[in-house]
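Take a look at the structure below.
The values are calculated or read from the model by the stated rules, or taken from the named source; none is laboratory data. Predicted model, so just to flag it, every value in this text is computed and none were measured. Heads up, the Cβs are rebuilt from the backbone with ideal geometry, glycines too, and the neighbour counts pull from every protein chain shown.
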Amino acid sequence: MMLFIIGLIVFFGVHAVPNVARGQREALIAKLGEGPYKGLYALTALAGFIMMIIGWGSADASQIYATPAYFQHITYALMLIAIILLAAAYAPAGRIAAAAKHPMLAAVKIWAFAHLLVNGDVRSVLLFGAFLIFAVVARIAAKRRGAPVRAAGPWRNDVIAIAVGVAVYAGIALFLHQYIAGVALA
C-alpha cells in the first residue's frame, strides 16, 4: 500500500507544479533550462506512475461502498463522453473543445467520476479520487491564471473528434480494457 500511495504523491506532486505552483516551475526552468526541466518532469511523473502500477497489487482492495449494478451503464455512457472529450483535446479545435474550455481536464474529471461510480474499494477510491481532485484543482488554477481556451473551429473537427472517440471507446470496451486495467468489461 505504501508504494501505491508514494506513487500517487509523486505523480500528482509533479503535476501540481505547472498547474498550481507556476512560480516554482519558472524558477526550475530558469535554473535547469527548459529541456532538462521537461526531462526531469517526465521521468518523475513516469516514476510515480510506475510506483502506482507496482503498488496497486499490494494496495488495500477492501470495499468501502457498493453501488447498484445499473451504475455500470451510467459509467459506460460517461466514458464515451470522456473519450470524445479526450479526442477533442488533441484534434484540431472544434466546437466541443471550445465548449469544454479545457477538454483534457473535463475528460479526466468524467473518467474519474465514472470509475468512482462502479469501484468502491479503497485503492480505486484513492486512485480515481486523486485524479478527480487533481483535475478539479487544475481547472480552477487554469481559470484563475487566465489560461487561454481554444476558439471554436469548424464542425468537421468535431466529427473527427467524435469518430476517433467512438473508435477508441469501442476498442477499449471490446478488447483493451482487460489489458489496460486487468478487468474485462462484460
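Condition first: exposed (fewer than 14 other Cβ atoms within 10 Å of the Cβ) and either of a type in the set (Gly, Ala, Ser) or not assigned by TED's automatic domain parsing to the domain that holds residue 81 (or both). Now tell me which residues in segment 130-180 satisfy that.
If the condition is that a residue be exposed (fewer than 14 other Cβ atoms within 10 Å of the Cβ) and either of a type in the set (Gly, Ala, Ser) or not assigned by TED's automatic domain parsing to the domain that holds residue 81 (or both), then 146, 147, 151, 163, 167, 170, 171 are the ones that fit.
Can you work out which of the residues in segment 51-109 that are under 19 Å from the mean Cα position of the chain (by Cα) and of a type in the set (Lys, Arg) is nearest to residue 9 (Cα to Cα)?
109
Can you name every residue in segment 33-80 that is without any contact (Cβ under 8 Å) to a residue 24 or more places away in the chain and aliphatic (A, V, I, L, M)? Can you show your working first?
Of all residues in segment 33-80, those without any contact (Cβ under 8 Å) to a residue 24 or more places away in the chain come to 33-40, 42-43, 46, 57, 68-70, 73, 77.
Scanning segment 33-80 gives 40, 42, 43, 46, 69, 77.
Of all residues in segment 88-123, which are surrounded by 19 or more Cβ atoms within 10 Å (Cβ to Cβ), in contact (Cβ under 8 Å) with a residue 60 or more places away in the chain and either in a helix (DSSP H, G or I) or β-branched (Val, Ile, Thr) (or both)?
88, 96, 97, 123
Could you identify the single residue in 168, 149 that is aliphatic (A, V, I, L, M) and at pLDDT 95 or above?
168
Which residues, taken from segment 1-29, are more than 19 Å from residue 135 (Cα to Cα), surrounded by fewer than 17 Cβ atoms within 10 Å (Cβ to Cβ) and at pLDDT below 90?
23, 24, 26, 27, 29
Being buried (at least 16 other Cβ atoms within 10 Å of the Cβ) and in a loop (DSSP other than H, G, I, E, B) is the filter here, so list the residues in segment 41-80 that pass it.
Correct list: 59 only.
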